[in-house]
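Please treat every number below as a calculation from the coordinates, not as lab data. Keep in mind that what you see is a predicted model, and the values were worked out from it rather than measured. Using ideal geometry, Cβ is built from the backbone for each residue, glycine included, and neighbour counts are taken over all protein chains shown.
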Amino acid sequence: MNVTHLECALCGLRHEAQRLLNLCHECGKPLLVKYDLEAAKRTLTKASLKGRPADLWRYREVLPVVNDANIVSLGEGWTPLLSATNLGRHLGIRELYVKDESQNPTQSFKARGMAAAVSMAKELGVGKLAVPSAGNAAGALAAYAARAGLECFIFMPQDTPRANVVECEQTGAHVTLMDGLITDCGAEVGRRKEAEGWFDVSTLKEPYRVEGKKTLGYELAEQLDWELPDVIIYPTGGGTGLIGMWKAFDEMERMGWISSKRPRMVTVQATGCAPIVRAFEAGKRFADEFPNAATTASGLRVPRAIGDFLIIDALRESGGTAVAVTDDELLAATREIGSAEGVFCAPEGAACLPALRKLMDRGLVHESDRVVLFNTGAGVKYLESFGG
Ligand SMILES: Cc1ncc(COP(=O)(O)O)c(C=O)c1O
Ligand SMILES: [Zn+2]
């Protein structure tokens, strides 16, 4: 067990580990897990990874669960980093990859975060979990909660993709569909959680989902033989994956695994809901709520993110940027990636392609850059988006 404490990402206040915590006691911002990395690196070495299981628990020393018996797993992580040579040729990018997160349990990268969060909830003695979700986080929570024998309560917008609703029902969750956005669902969880005895596992309102998601950063480095890419393009809602990768890079540098060189981190959002893009362009650190949020890429329909400053800090520190693409562009990109590479992307993941084109047009990405697009989920869950 290498966790030393939890630390507020904004004010730095120290919180004790192995306690059931949501946000900072002082300022109400997200808490991040801190490790004794000197201790971790004694057994977690590049060489030791060679013989480890092909899931995210291969990075055990930098994950928060104390007792192995509490790990709740469906085989999440260690997804392929696919070389996208056909697409790269069309675009004129020499080294283009797709990190295919649709190959996770429950078909999205949300499995990583929920594996860690549910394992910790089990370890800390939680009985009931609740989450507001755009769809994929709900499907992942329902599955992991079922496997852990915990009860879970899910709140999603009425127009969440049907597949997400059905998967939650079929894995035994209590599902409530609300007339509103994910922020309205979050407010409902907030209102009821105390009386109902629910532990709130909203994105970045509990400290462990980001720990599961950070394994994206470890994997990327390991799969590229410890040479990080030049550019990472990531479809951003709450931003946990991007924040997690940024944290992973810092941990790896401290363990002496990588240099201080970082990929340019790029946030992609839909023009119908682009609070981070707007804040980034305005030079702000905190994003205003995006009014009348609307996009078919349901995971990007997040009008307000509690980790906004963490996303924006990473974009700026890395020399990256934030780009918005239209629904027409991201839907067309789904077919383009599918036809070129055989990967049926979630619309959120497909959004990375028009974003890349815009970056090339603006001279921010070049032919010689090594670029990774994140396909965060499976297109097959979004049949409504494709007229199905
Ligand atoms: C497929 C997909 N991609 C991207 C996102 C956005 O992820 P994050 O909230 O980590 O930014 C979501 C969130 O629901 C999603 O389901
Ligand atoms: Zn604080």
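Across all directions, the shadow cast by the convex hull of the stretch 325-388 built on its C-alpha atoms averages 4.4 square nanometres. Rounded to the nearest 20 debye, the dipole size of the chain about its Cα centre is 600 debye, using +1 on the Cβ of Lys and Arg and -1 on the Cβ of Asp and Glu. Debye sum, Cα scatterers, the stretch 1-41, no solvent: what log₁₀ I/I(0) at q = 0.15, 0.34 1/Å? Result of the Debye calculation: -0.34, -1.14. The stretch between Leu74 and Asp361, if pulled fully straight at 0.36 nm per residue, gains 99.2 nm over its current Cα-Cα span. Of the peptides 22-31, 284-293, 159-168, 115-124, the order by per-residue mean of other Cβ atoms within 10 Å, starting with the highest, comes out as 115-124, 159-168, 22-31, 284-293. When you restrict to C-alpha pairs under 8 Å that are six or more residues apart and normalise by the size of the chain, the relative contact order lands at 17 percent. Looking at the stretch 140-244, the chymotrypsin sites (Phe, Trp or Tyr not before Pro) that sit in a DSSP loop and have at most 15 other Cβ atoms within 10 Å of their own Cβ are Trp226.
The relative contact order of the stretch 103-224, computed from alpha carbon pairs under 8 Å that lie at least 6 residues apart in sequence, is 32 percent.
Counting only DSSP beta bridges with both residues in the chain, the antiparallel share comes to about 30 percent. Taking a point 7 Å out from the Cα of Gln18 in the direction of its Cβ, the residues of the stretch 55-76 whose backbone N falls within less than 11 Å of it are 66-67.
Here the scattering of the stretch 95-208 is modelled by Debye summation over its C-alpha atoms, one equal scatterer each and no solvent; at q = 0.19 Å⁻¹ the log10 of I(q)/I(0) is -0.92.
Counting every alpha-carbon pair across the stretch 125-171, the share separated by more than 16 Å comes to 28%. Working from Cα pairs under 8 Å separated by at least six residues, relative contact order for the stretch 56-162 is 25 percent. Each Lys and Arg Cβ is given +1 and each Asp and Glu Cβ -1; about its Cα centre, the stretch 252-332 then shows a dipole of about 360 debye. Among residues other than Thr236 with Cβ under 11 Å from its Cβ, the summed charge is -2 (Lys and Arg +1, Asp and Glu -1).
Take the Kirkwood radius over Cα pairs of the stretch 1-134, plug it into Stokes-Einstein at 25 °C and 0.890 mPa s, and you get 142 µm²/s for translational diffusion. Could you tell me which of rounded, prolate or oblate describes the stretch 99-163, using a ≥ b ≥ c as the square roots of the eigenvalues of the alpha-carbon gyration tensor, with rounded for a/c under 1.5 and, failing that, prolate when a/b is larger than b/c and oblate otherwise? The shape class here is oblate.
In plain terms, the bigger the Kirkwood radius, the slower the diffusion; for the stretch 277-388, with that radius from Cα pairs, at 37 °C and 0.692 mPa s, Stokes-Einstein puts D at 216 µm²/s. Can you give the translational diffusion coefficient of the chain in µm²/s, computed by Stokes-Einstein from the Kirkwood radius over Cα pairs at 10 °C and 1.306 mPa s? Translational D for this selection: 77 µm²/s. The simple spin-label model puts a point 7 Å past each Cα toward its Cβ; for Glu289 and Ala54 those points are separated by 4.6 nm. In this structure, the residue pairs whose Cα-Cα separation is over 25 Å, taken from Lys46/Lys214; Lys214/Lys261; Lys284/Lys381, are Lys284/Lys381. Return the tail of the calculated pair distribution for the stretch 256-295, meaning the percent of Cα-Cα pairs more than 10 Å apart. The answer is 73 percent, as a whole percent.
From least to most packed, judged by other beta carbons within 10 angstrom and beginning with the fewest, Met265, Met1, Met178 follow the order Met1, Met178, Met265. Could you work out the helix-only [θ] at 222 nm for the chain, with each DSSP H run of four or more residues adding -39,500 (n - 2.57) and the total divided by the number of residues, to the nearest 500 deg cm²/dmol? Per the formula, -11000 deg cm²/dmol.
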